[in-house]
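I have placed the structure first, in the form of structure tokens, so that the comments after it can refer back to it.
The values are calculated or read from the model by the stated rules, or taken from the named source; none is laboratory data. Since this is a predicted model, take the numbers as computed values, not measurements. Virtual Cβ from ideal backbone geometry, glycine too; neighbours counted across all protein chains shown.
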Amino acid sequence: MPPHAPPKSPPSTSTSSKTTFIIGLSGPSSSGKTTLARLLRQIFNINPGSSNRTSPLRLFILHEDDFYKTDKLIPRDTFTSAEHGERELDDWDCVESIDLPLLKRVLGHVKRCGVGPDDFASKEDQNTVGESGVDEGEVREYQGRVREWVDALNMGLNSGAGAINGTATVNEKELYEILDPLLDLKLFLPSSRQKTIERRTKRTGYVTLEGFWADPPGYVEDVVWPNYARDHAWLFDGGDGDGDGSEASRQQAIDDGRVDRDVAARYGVHIGPGSGDVHLREILPWAIEKIRVVLGQAAT
């Protein structure tokens with residue numbers, strides 16, 4: 001079941017006094033969220049220049065991983081699989097691993113002030129991501145288009161956007177209650193089980209608050225993907241509603257990355273193209289257009 005009731009009407013962003021927009025960027029692990037967020041940060045950071053014709057626009061990234069609890073407070077659970085048997089593992093992919101009060105405080109500050117609080121620093125840019133495959137010429141072209149849009153919108157000074165990048169921004173009830181009132185746009189990058197496993201297992205590991213985490217063998221198969229499938233099952237019904245309604249049909253849709261787009265639309269979630277098999281060069285213009293629409297609504 002979904003963690004919440006669908007909104008009675010599409011989320012409204014049409015307030016002329018608003019200067020801060022928060023974008024939720026979600027999807028399974030290794031679906032390209034961080035790479036996309038960093039590209040969007042390049043493209044949507046606009047300085048006015050000497051002419052002052054263009055209003056400044058700034059996009060910065062808040063990573064869900066920045067809100068992990070300290071290493072010793074990460075939940076530990078028993079996981080069983082045919083290949084690895086029964087074993088106890090840290091579960092970094094459950095909502096209980098997130099410091100929810102800190103997340104609420106930081107996002108509330110961003111919404112009010114357009115920047116993160118002084119005592120909050122991101123560690124996530126210390127983690128490496130793969131090459132985006134989008135060349136600098138394409139980035140500059142998008143930057144030029146965004147600058148033209150902002151000029152045409154005649155937006156007020158000091159407009160800003162914060163992108164909260166994480167796996168669970170559209171699922172767990174506790175997270176929904178914190179995020180939904182603050183999110184102006186919800187973007188979801190789907191991926192299949194196969195693609196997720198392929199990409200996650202290529203990663204060297206992650207910087208944590210107290211050290212470094214490297215996945216033990218089978219971690220994505222036994223922990224990461226099952227958690228994602230359980231928490232996001234409400235987004236799937238055989239893929240776009242074409243399943244037979246059985247649990248087997250739903251599970252196959254989850255493994256294939258076939259989101260029920262009708263269900264997603266009712267909850268205001270915009271689903272990206274493909275299922276982990278689409279190049280970021282195709283995903284980037286989709287995300288840019290979704291952000292452009294939000295900025296346009298806010299400027300009217």
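Filter the range 275-285 down to the residues that are touching a Gly at 6+ places or on another chain (Cβ under 9 Å) and either of a type in the set (Asp, Glu) or surrounded by 17 or more Cβ atoms within 10 Å (Cβ to Cβ) (or both) and list them by number. Before you say what the answer is, go through the steps one by one.
Within the range 275-285, the subset touching a Gly at 6+ places or on another chain (Cβ under 9 Å) is 275-283.
Selection gives Ser275, Gly276, Asp277, Leu280, Glu282, Ile283.
Of the residues Ala287, Ala298, Ala264, which is at pLDDT below 90 and part of a helix (DSSP H, G or I)?
On inspection, the qualifying residue turns out to be Ala298.
Any chance the range 196-212 includes a residue that's aromatic (Phe, Trp, Tyr), at pLDDT 70 or above and farther than 24 Å from Gly272 by Cβ? Explain how you work it out, then say what you get.
As a first pass, look at the range 196-212 and keep what is aromatic (Phe, Trp, Tyr): 206, 212.
Keeping just the survivors that are at pLDDT 70 or above gives 206, 212.
Now restrict to residues that are farther than 24 Å from Gly272 by Cβ: 212.
Within the range 196-212 (the criterion being aromatic (Phe, Trp, Tyr), at pLDDT 70 or above and farther than 24 Å from Gly272 by Cβ), the answer is yes, since at least one residue qualifies.
Can you find, within the range 251-268, the residue that is nearest to the chain's Cα centre (by Cα) among those that are of a type in the set (Val, Ile, Thr) and surrounded by 20 or more Cβ atoms within 10 Å (Cβ to Cβ)?
Val259
Which number in (1) outside any loop (DSSP other than H, G, I, E, B); (2) at pLDDT 90 or above; (3) within 17 Å of the chain's Cα centre (by Cα) marks the one condition that Ile164 misses?
Evaluating Ile164 over (1) outside any loop (DSSP other than H, G, I, E, B); (2) at pLDDT 90 or above; (3) within 17 Å of the chain's Cα centre (by Cα) leaves (2) as the failure.
Would you call Gly276 at positive phi and either aliphatic (A, V, I, L, M) or in contact with a strand residue (DSSP E or B) (Cβ under 8 Å, 6 or more places away or on another chain) (or both)?
Considered against the rule, which asks whether it is at positive phi and either aliphatic (A, V, I, L, M) or in contact with a strand residue (DSSP E or B) (Cβ under 8 Å, 6 or more places away or on another chain) (or both), Gly276 comes out as no.
Does the range 145-161 contain any residue that is modelled with pLDDT under 85, under 16 Å from the mean Cα position of the chain (by Cα) and not charged (D, E, K, R)?
The answer is yes, given that some residue of the range 145-161 is modelled with pLDDT under 85, under 16 Å from the mean Cα position of the chain (by Cα) and not charged (D, E, K, R).
Residues of the range 96-108 being surrounded by fewer than 17 Cβ atoms within 10 Å (Cβ to Cβ) and in a helix (DSSP H, G or I), which ones?
Glu96, Leu100, Pro101, Leu102, Arg105, Gly108 - these are the residues of the range 96-108 that are surrounded by fewer than 17 Cβ atoms within 10 Å (Cβ to Cβ) and in a helix (DSSP H, G or I).
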